[in-house]
Amino acid sequence: MCRSEKVFVMRVFLSVLILIFSLQFWAKADDIRDFEIEGMSIGDSLLNYFNKEHIKKRISITKSNYDSDKYVRAYFNLNNSKNYDVANIHFTNDTKYKIESLSGAIMNDFTFENCSKKQIQIFEDLKELFANGIVEGDPKKKIIFKRDNTKKSVYSSVKYKIEGGYIDVRCTIFSKEFQKIYPSVGSSLQVIAHSEEFIDWLRNEAYK
């Protein structure tokens, strides 16, 4: 079976299944490209889902402060989704628009406690899918968001390291002070997929 056929067979529509917390699994996944959020996967071209004009419009209103332009970021409102409010997508800054990172987010006025409960539910369900994944992080551990000088903004993260990248289930709770400075940000529960290439860029090139 060729790679494209294998991906077609193994992809699991987690965008629908995860967030209703009643998962049934017909196939095990062991590669980041087998994971979908709203039908999109790492390695796909963003042009398969949005036209170029709409993508450029979303880029223009998405603020990024990266020092490297290898990847472009854009937010997309998911008005027709039953699961997520927005998608945050990073893709290659070339004609291919290859997706290297994507996330689906539920935007809500979460407290850390109620967000963490949902996060743990998703985390436990993912164990069934990524049986061979390496778990990193603790969903109950609060981590200070460094960009908030008040130190009141926190997040928690739990990851599955699998072939080609990792899946991150994350709660982010921003303080009211930070939201006054950055009114476009909001507390959220996210399911995130990163490729290894994107992780390396984020660690070594994105911020110099």
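The values are calculated or read from the model by the stated rules, or taken from the named source; none is laboratory data. Since this is a predicted model, take the numbers as computed values, not measurements. Don't worry about glycine lacking a Cβ; one is built from the backbone with ideal geometry, like all the others, and counts go over all protein chains shown. The accessibility values were calculated without ligands, DNA or RNA, using every heavy atom of the protein model including side chains. Shrake-Rupley method; radii C 1.70, N 1.55, O 1.52, S 1.80 Å.
Points worth noting:
- Leading residue by the ranking (nearest to the chain's Cα centre (by Cα)) among those in segment 79-109 that are in a loop (DSSP other than H, G, I, E, B) and under 22 Å from Tyr160 (Cβ atoms): Tyr84
- Residues being more than 20 Å from Ile42 (Cα to Cα) and in a helix (DSSP H, G or I) - total across segment 153-203: 6
Quick grid of which residues meet (1) open to solvent by 40 Å² or more (accessible area, probe 1.4 Å); (2) in contact with a His (Cβ under 9 Å, 6 or more places away or on another chain); (3) farther than 28 Å from Ala206 by Cα; (4) touching a residue at least 24 places away in the same chain (Cβ under 8 Å):
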{"residue": "Ala87", "(1), (2), (3), (4)": "no, no, no, yes"}
{"residue": "Thr92", "(1), (2), (3), (4)": "no, no, no, no"}
{"residue": "Asp109", "(1), (2), (3), (4)": "yes, no, yes, yes"}
{"residue": "Ser116", "(1), (2), (3), (4)": "no, no, yes, yes"}
{"residue": "Gln121", "(1), (2), (3), (4)": "yes, no, yes, yes"}
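- When segment 149-204 is limited to residues that are among the charged types (D, E, K, R), in contact with a strand residue (DSSP E or B) (Cβ under 9 Å, 6 or more places away or on another chain) and in contact (Cβ under 8 Å) with a residue 24 or more places away in the chain, the one that is farthest from Lys98 (Cα to Cα) turns out to be Lys152.
- Residues (among the aliphatic types (A, V, I, L, M) and either over 20 Å from Asn83 (Cα atoms) or part of a helix (DSSP H, G or I) (or both)) located in segment 33-67: Leu46, Leu47, Ile55, Ile59, Ile61
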